[in-house]
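The values are calculated or read from the model by the stated rules, or taken from the named source; none is laboratory data. Just so it is clear, the structure is predicted and the values come from calculations on it, not from any experiment. Cβ placement follows ideal geometry from the backbone for every residue including glycine, while neighbour counts extend to all protein chains displayed.
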Amino acid sequence: MAGLILAAPSSGSGKTTITLGLLRALSRRGEAVRGAKSGPDYIDPRFHEAACGQPCPNLDAWAMSPDRIRALAAGDGLLLIEGAMGLFDGAPPDGKGATADLARLLGLPVVLVVDASRLAGSVAPLVRGFAGFDPAVRIAGVVLNATGSERHEAILTRALAPLGLPVLGAIRRDRALSQPSRHLGLVQAGERPDLDAFLDAAADRVEAGIDLEAFTALAALLPEAKPLPPIPAPARSIAIASDQAFAFAYPHLLADWQRSGATIRTFSPLADEAAPEAEFILLPGGYPELHAGRIASNQRFLGSLRDAAARGVPIYGECGGYMVLGQSLTDGEGQRHKMAGLLDLETSFAARRLHLGYRSVHASTGPFLGTWAAHEFHYATTIRAEGQPLFVAQDAEGADLGPMGLVNGSVCGSFAHLIAPKPH
């Protein structure tokens, strides 16, 4: 039960690909290794799981209590935590939720992944600044990414030598390791037919460029974790939409619901499967805007939602699922598609607008009563939203965002992705 954190000075430094390469390289050597992801992220954890065959939790220092983070981090084998954004980048006003918070909380060393593609001697003050910025965040080593040649690597290594930090290796610039992306991040792992080939290629580069023995030797023991009561399930039987259009459900929530006694069944709206009989139906977020025409034509799926609503079955939609519960969804080409019609909501991607940030949401009605830590990340524009709101919301700085989401009988939803209940 030891761990390491891979972080970087900024986004786009290559830490995801290097983390995946390390997970695959170590796992195919027969070593017990698993991944975790800092912050709110649905996409990278599925790549982690594909790379090493082990579940990948999100560890969110803004939304989760220290006890919950320790409990989710616990487990057998070496834990590699992939940071988000830059090491000290968190939510305003004080940077809470940064990867550095996990380093402090878990007492784990940090390996700094530096994009060296445009650096030479200047790599030294950059690394020195990160290493000396906070004594509670220990930089234990450096991996140089996107280097251009053996000579380039020698220049960088000489510049870093006076700092006394081990340079664990270098990964050469390689366009074959670039990953396709779309507006919410990388293309999902399940959408890539070449996924195993990509992961093996990343592992090959990591094995050739990084001293794996020196890297794993830096790991520190994880702190002891005490058992936590599970987050209560909204019902005893739950049907969850699950496919490429509805993939954004947090595993820690689903696991807690199962621990609290709930039975979970999944179904695919894209395959026009009806929602199975259940006491609660969940439509998670994802990419329904990319499949809006197909969803609109899948009347078995939409009809099952309307039938369930008519019987008073609670139905909850998050972000993409929320939009599908509305009257219509307009795709990026301006084509309007009729949705389930259970909420008086019309949304559009014809004029994209970014909504991004942590949210504190409070509900006095619906299946998730009380105050929850949540996040919002989408590009949809709300054309119309009329009816009773589900939440009142604040941003990370405590600024009032007003009402969020809608309730109509047993049907409700919002753009907020729930992470965990906030402590009283």
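Against the numbered list (1) crowded, with 19+ Cβ neighbours inside 10 Å; (2) of a type in the set (Ser, Thr, Tyr); (3) at pLDDT below 95, residue 19 comes up short only at (3).
Does residue 297 fit the bill of being loosely packed, with under 14 Cβ neighbours inside 10 Å and closer than 19 Å to residue 244 by Cβ? Considered against the rule, which asks whether it is loosely packed, with under 14 Cβ neighbours inside 10 Å and closer than 19 Å to residue 244 by Cβ, residue 297 comes out as yes. Residue pairs whose Cβ atoms lie under 9 Å apart, separated by 6 or more positions or on different chains, with the first residue in segment 59-76 and farther than 18 Å from residue 372 by Cβ and the second crowded, with 17+ Cβ neighbours inside 10 Å and of a type in the set (Val, Ile, Thr), are 73/81.
Checking the conditions here, which among 363, 373 is over 19 Å from residue 62 (Cα atoms), of a type outside the set (Phe, Trp, Tyr) and within 24 Å of the chain's Cα centre (by Cα)?
363
Scanning segment 10-36 for residues being more than 19 Å from the chain's Cα centre (by Cα) and not aliphatic (A, V, I, L, M) gives a total of 6. For segment 308-338: of the residues being among the acidic types (Asp, Glu) and assigned to a loop (DSSP other than H, G, I, E, B), which is nearest to residue 410 (Cα to Cα)? Only one residue fits best here, namely 331.
Kindly indicate whether residue 175 is closer than 25 Å to residue 118 by Cα and either in contact with a strand residue (DSSP E or B) (Cβ under 6 Å, 6 or more places away or on another chain) or modelled with pLDDT of 95 or more (or both). Outline the logic, then answer.
Values: closer than 25 Å to residue 118 by Cα: yes; either in contact with a strand residue (DSSP E or B) (Cβ under 6 Å, 6 or more places away or on another chain) or modelled with pLDDT of 95 or more (or both): no.
In short, no.
Quick check on segment 250-264. Is at least one of its residues free of Cβ contacts under 8 Å to residues at least 60 places away in the same chain, buried (at least 18 other Cβ atoms within 10 Å of the Cβ) and more than 25 Å from residue 409 (Cα to Cα)? Checked segment 250-264: at least one residue is free of Cβ contacts under 8 Å to residues at least 60 places away in the same chain, buried (at least 18 other Cβ atoms within 10 Å of the Cβ) and more than 25 Å from residue 409 (Cα to Cα).
Table: residues versus (1) over 20 Å from the mean Cα position of the chain (by Cα); (2) modelled with pLDDT under 95; (3) among the polar types (S, T, N, Q); (4) not in a helix (DSSP H, G or I).
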position: 50; (1), (2), (3), (4): no, no, no, no
position: 61; (1), (2), (3), (4): no, no, no, yes
position: 68; (1), (2), (3), (4): no, no, no, no
position: 72; (1), (2), (3), (4): no, no, no, no
position: 85; (1), (2), (3), (4): no, no, no, yes
position: 112; (1), (2), (3), (4): yes, no, no, yes
position: 117; (1), (2), (3), (4): yes, no, yes, yes
position: 127; (1), (2), (3), (4): yes, no, no, no
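Against the condition under 22 Å from the mean Cα position of the chain (by Cα) and modelled with pLDDT under 95, how does residue 244 come out, does it pass? When the stated conditions are applied, residue 244 passes them.
Within segment 306-344, being closer than 15 Å to residue 406 by Cβ, out of contact with any helix residue (DSSP H, G or I) (no Cβ under 7 Å at 6 or more places or on another chain) and among the aliphatic types (A, V, I, L, M) holds for 309, 325, 343.
Considering 196, 200, which residue is in contact (Cβ under 8 Å) with a residue 24 or more places away in the chain, under 24 Å from the mean Cα position of the chain (by Cα), assigned by TED's automatic domain parsing to the domain that holds residue 49 and loosely packed, with under 14 Cβ neighbours inside 10 Å? Even if it seems obvious, please write down each step before you answer.
Numbers: 200 fails: loosely packed, with under 14 Cβ neighbours inside 10 Å.
Just a single option satisfies the conditions, and that option is 196.
If you take just the strands (runs of 3 or more DSSP E) that sit entirely in segment 217-307, which of them hold at least 3 residues that are among the hydroxyl-bearing types (Ser, Thr, Tyr) and farther than 25 Å from residue 106 by Cα? Give the steps one after another, and end with the answer.
Numbers: elements: 237-241, 263-267, 280-283.
No strands (runs of 3 or more DSSP E) qualify here.
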